[in-house]
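Trainee: Below are the structure tokens for one structure; questions will follow.
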Amino acid sequence: MVRSTRAMAFAAAAVSVRAAPAVTDPCTLSSSAYWVSSAQAHACELAVPFNQTTSLSVVDTAIKALQYYSTETWFLHSPNPKIPHDWDVRLALNTVKVKTQASGYTTDWDFNMAVTDAFNNEWDGHTNYIANCVQSFSYNLPFSIAMLAASVSDTDTAYPTYLVNYDFPNQGRPGLEAYYQSLGFDARRYDGFRILSINGQDASQYLIDLAQVSSIYKGLSGGFETLQPRYMRLMARYSADTPAGEFAFEVGRFGMRSFYPGEDSVSLVLQNKAGKSVSVTVPWSAHGLSTGNTTASFIANSCALPVSAAGVATVTAVKSPERNVTTKMAFVDPDSQNEMRDIANVYAKANKSSNYVKPNLQSYGPKVPTIDIYRLKKHPKVGVLYIEQFSPGNGLNYRAYFDGVSDALYKGLSDLKKDGVEYLIIDQSGNRGGYIFAGAIAMWSLFPQDLYPGFPAVYRNLDLANKESKRAANKNDYNSEYFYGNYRDLDYKYLTNNKQFMGTQVEQTINGVKDYYSVPFFDDFGDNSTSVTSFTEPPFPASNIVFVANGICASTCSVFSSYLYQKHGVRSAVFGGLPNANRDNSQFDGGVKGSEVTSLTSILAELRNANLQDDPNAPQPLPIRAASFNLNFRNALTYTEKEEAGGENGILEYVFEEATTHYQFTKQNVDKPQQVWEFVAGQFFNNPSAETPVGIVADAAMDSA
């Protein structure tokens with residue numbers, strides 16, 4: 001099977017499109033070329049038979065793992081209508097269990113997608129279950145969609161636009177154009193056309209409906225709490241969300257999906273610049289990401305656990321936890337599989353094509369993955385801090401990464417100030433989160449006099465977690481997530497016993513259900529900001545800082561931006577998204593704001609560490625190969641707006657943080673972050689108190705930037 005692991009040798013194989021061999025094994029057909037039809041790829045997925053015993057084990061572990069899911073009862077019904085959650089994941093999983101015990105599922109794909117769907121309907125990017133064998137193909141179209149308006153401040157009207165995506169920087173998919181040419185489809189012919197309808201429905205409404213539901217059966221995961229960022233994830237957009245931290249124009253999830261898209265072609269009605277309409281049908285294509293050229297080898301290499309030389313399935317080793325504040329993470333998964341991201345990275349290096357997305361600006365400070373610092377040309381008193389993620393994409397050791405973030409922020413921002421910069425734009429467009437400690441370094445670097453860089457938090461405190469905390473206390477086990485010695489109270493004083501932490505089960509009634517949490521606490525980030533930064537006072541006053549965002553700001557990113565907004569009143573400019581989107585439905589940090597994500601592997605390691613792995617309520621290792629099984633692990637508590645967050649015990653998740661201003665992308669700026677920054681500098685810092693666009697003058701400034 002020709003697969004993406006042969007990263008340096010794929011080009012020649014990619015361009016040849018061979019006729020399907022005269023065989024009947026669907027996984028042999030799906031491996032007959034580098035690119036195949038979506039129908040051929042999905043037939044291979046459906047060839048994996050349903051196994052009742054294995055499936056019952058999977059769903060049992062999924063249900064038992066829910067006791068660690070901190071927002072389970074909150075998500076039954078949202079207290080804030082702007083952030084809708086109305087889903088009972090436990091009921092959904094029990095429904096899957098009942099069907100598994102009774103009639104069963106037609107195929108393994110149907111079962112695993114039902115479990116994935118139970119979690120996906122939470123729209124919680126922290127919490128997911130993905131079996132590896134339902135995500136072993138990448139499904140692709142030769143075009144992407146961007147919502148483009150005639151002018152930046154025309155927030156009432158934006159239109160879906162067809163963009164051929166073969167040449168998007170750092171998004172290369174070798175051989176894709178040759179594949180579509182072999183089918184007789186010239187994708188470039190329609191570049192820049194307006195999309196009037198998709199599959200017989202008005203295009204704008206189709207995209208809204210697609211984002212609203214974000215159905216896994218359409219190949220989409222929820223991943224964000226509000227409609228705006230789910231909508232933006234469908235779109236082509238600039239970001240630096242690549243393995244090497246290079247700027248890219250992302251294909252978006254309309255044009256690339258990690259799951260079968262639920263259909264084998266897309267029907268479009270397009271309109272050219274002259275107003276003439278044309279109807280086209282574009283087939284989906286697929287590229288395999290595993291190895292094997294038969295159904296049996298596909299199962300062995302993609303679905304089943306690895307087998308030892310003795311022929312015994314091997315469960316992934318559960319290691320003792322290394323638990324301290326520096327290893328905690330809050331993130332959501334990228335739009336595409338890591339294999340496709342690696343292919344694009346290798347392809348970009350091999351082709352050395354120009355990158356029209358990358359800013360042409362002077363860079364400041366030492367280079368560190370995911371951090372870029374610039375000074376604008378047309379507004380030389382304005383600097384830009386672009387934070388792509390809060391974790392490195394290049395395998396850099398996390399301790400070295402933290403040192404790099406601290407050094408880059410101190411040196412870069414200090415040098416900006418030396419060169420006369422007075423204002424700062426923080427662009428976080430597409431930031432999916434990362435290490436919580438990296439976010440804390442950024443917060444304390446900007447506001448070093450603050451007591452604590454973040455929000456207080458609580459763990460869910462049910463039976464097993466409570467037992468784990470007691471055993472950690474008995475052993476003074478600093479490697480345990482549940483040891484009180486790793487945390488501080490709300491006065492930022494060290495906890496001295498478990499009663500101040502998990503030893504006290506704080507009862508709350510949420511959506512009519514009694515639930516139990518820990519006493520609120522802070523992570524221990526050191527005695528003060530001197531542990532992470534050399535700044536002793538803010539490098540820029542809060543009034544001189546503005547966020548630039550597209551709504552895709554998740555987890556650690558949303559905690560970072562929420563903190564700067566709630567504590568210091570930092571303003572924001574949101575670009576893109578829904579047509580007719582205004583301030584009241586545009587949130588600059590649209591990601592789930594839980595303060596930590598955990599994996600099933602980490603849960604199992606904690607249980608083993610506490611010698612509780614055989615407890616009857618303990619989840620067990622999965623009997624299959626899983627691409628992902630994560631849970632939102634802690635709830636962050638808000639500093640403001642208690643009522644809309646759910647009352648006195650409200651959580652940060654339900655605070656809707658409205659954008660200061662909302663703008664649309666245009667043809668001129670959608671793939672040019674530098675133009676976006678120059679525009680925002682003119683809007684906010686030519687008149688720093690301005691909170692609304694200045695109309696025609698602003699649009700002219702954007703077009704000439």
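Trainee: If I filter the range 566-578 for residues that are among the aliphatic types (A, V, I, L, M) and open to solvent by 10 Å² or more (accessible area, probe 1.4 Å), do I get at least one hit?
Mentor: yes
Trainee: Say we look at the range 392-401 and pick out the residues that are in a loop (DSSP other than H, G, I, E, B) and surrounded by fewer than 22 Cβ atoms within 10 Å (Cβ to Cβ); which of these is modelled with the highest pLDDT?
Mentor: Among them, the one singled out is ASN397.
Trainee: For the range 605-629, enumerate the residues that are open to solvent by less than 20 Å² (accessible area, probe 1.4 Å) and either at pLDDT below 95 or not in a loop (DSSP other than H, G, I, E, B) (or both).
Mentor: ALA605, GLU606, LEU607, SER628, PHE629
Trainee: Could you tell me whether any residue of the range 431-445 is among the aromatic types (Phe, Trp, Tyr), over 22 Å from the mean Cα position of the chain (by Cα) and surrounded by 24 or more Cβ atoms within 10 Å (Cβ to Cβ)?
Mentor: yes
Trainee: If you check ASP202, ASP209, ASP186, ASP167, which single one turns out to be open to solvent by 40 Å² or more (accessible area, probe 1.4 Å) and within 22 Å of TYR356 (Cβ to Cβ)?
Mentor: Answer to the check: ASP167.
Trainee: Considering each residue of the range 456-471, count those that are of a type in the set (A, V, I, L, M, F, W, C), assigned to a helix (DSSP H, G or I) and under 28 Å from TYR639 (Cβ atoms), and give that number.
Mentor: Within the range 456-471, residues that are of a type in the set (A, V, I, L, M, F, W, C), assigned to a helix (DSSP H, G or I) and under 28 Å from TYR639 (Cβ atoms) number 1.
Trainee: So ASN669 fits all but one of (1) open to solvent by less than 10 Å² (accessible area, probe 1.4 Å); (2) assigned to a helix (DSSP H, G or I); what number is the exception?
Mentor: Result: ASN669 passes all but (2).
Trainee: In the range 331-345, how many residues are under 11 Å from GLN135 (Cβ atoms), at pLDDT below 90 and open to solvent by 30 Å² or more (accessible area, probe 1.4 Å)?
Mentor: Qualifying residue count, the range 331-345: 2.
Trainee: Residues in the range 472-494: is at least one surrounded by fewer than 23 Cβ atoms within 10 Å (Cβ to Cβ), assigned to a helix (DSSP H, G or I) and in contact (Cβ under 8 Å) with a residue 60 or more places away in the chain?
Mentor: Taking every residue of the range 472-494 in turn, at least one turns out to be surrounded by fewer than 23 Cβ atoms within 10 Å (Cβ to Cβ), assigned to a helix (DSSP H, G or I) and in contact (Cβ under 8 Å) with a residue 60 or more places away in the chain.
Trainee: Based on this model, can you work out whether ASP154 counts as assigned to a loop (DSSP other than H, G, I, E, B), farther than 30 Å from GLN52 by Cβ and of a type in the set (D, E, K, R)?
Mentor: yes
Trainee: Restricting attention to the range 520-569, which residues are hydroxyl-bearing (Ser, Thr, Tyr) and under 21 Å from LEU424 (Cβ atoms)?
Mentor: Listed by number, the residues that qualify are SER529, THR533, SER534, THR536, SER543, THR556, SER558, SER561, SER562, TYR563, TYR565.
Trainee: If you don't mind, there's one more thing I want to ask. Is there a residue in the range 73-96 that is part of a helix (DSSP H, G or I), open to solvent by 10 Å² or more (accessible area, probe 1.4 Å) and in contact (Cβ under 8 Å) with a residue 60 or more places away in the chain?
Mentor: The answer is yes; a qualifying residue exists.
Trainee: So, in the range 102-138, exactly how many residues are open to solvent by less than 10 Å² (accessible area, probe 1.4 Å) and part of a strand (DSSP E or B)?
Mentor: Looking only at that region, the number is 4.
Trainee: Quick one: which of SER561, SER543, SER534 is open to solvent by less than 50 Å² (accessible area, probe 1.4 Å) and of a type in the set (S, T, N, Q)?
Mentor: Just one listed residue meets the conditions, SER561.
Trainee: Looking only at residues in the range 152-192 that are touching a residue at least 24 places away in the same chain (Cβ under 8 Å) and over 29 Å from the mean Cα position of the chain (by Cα), which one is farthest from LEU578 (Cα to Cα)?
Mentor: Ranking the qualifying residues of the range 152-192, first place goes to SER182.
Trainee: Moving on to the next point. Please go through (1) farther than 28 Å from ILE371 by Cα; (2) open to solvent by 10 Å² or more (accessible area, probe 1.4 Å); (3) not β-branched (Val, Ile, Thr) for GLU246 and return the number of the only condition it doesn't satisfy.
Mentor: (1)
Trainee: While we're looking at this one, here's another question. Go through the range 224-245 and report how many residues are assigned to a loop (DSSP other than H, G, I, E, B) and modelled with pLDDT under 90.
Mentor: Result for the range 224-245: 8.
Trainee: Do you know which residues across the range 38-52 are assigned to a helix (DSSP H, G or I) and either touching a residue at least 60 places away in the same chain (Cβ under 8 Å) or in contact with a Leu (Cβ under 6 Å, 6 or more places away or on another chain) (or both)?
Mentor: SER38, ALA39, GLN40, ALA41, HIS42, CYS44, GLU45, LEU46, listed by residue number.
Trainee: Also, I was wondering about something else. Restricting attention to the range 375-390, does a residue exist that is open to solvent by 10 Å² or more (accessible area, probe 1.4 Å), under 24 Å from the mean Cα position of the chain (by Cα) and not β-branched (Val, Ile, Thr)?
Mentor: Checked the range 375-390: at least one residue is open to solvent by 10 Å² or more (accessible area, probe 1.4 Å), under 24 Å from the mean Cα position of the chain (by Cα) and not β-branched (Val, Ile, Thr).
Trainee: Somewhere in the range 376-391, is a residue more than 30 Å from ASN686 (Cβ to Cβ), in a strand (DSSP E or B) and at pLDDT 90 or above?
Mentor: yes
Trainee: Quick one: which of ALA47, ALA43, ALA19 is over 30 Å from ILE651 (Cβ atoms) and modelled with pLDDT under 95?
Mentor: ALA19
The values are calculated or read from the model by the stated rules, or taken from the named source; none is laboratory data. These numbers come from a predicted model, not from an experiment. Heads up, the Cβs are rebuilt from the backbone with ideal geometry, glycines too, and the neighbour counts pull from every protein chain shown. Surface areas here come from the heavy atoms of the whole protein model, side chains and all, with no ligands, DNA or RNA. Shrake-Rupley method; radii C 1.70, N 1.55, O 1.52, S 1.80 Å.
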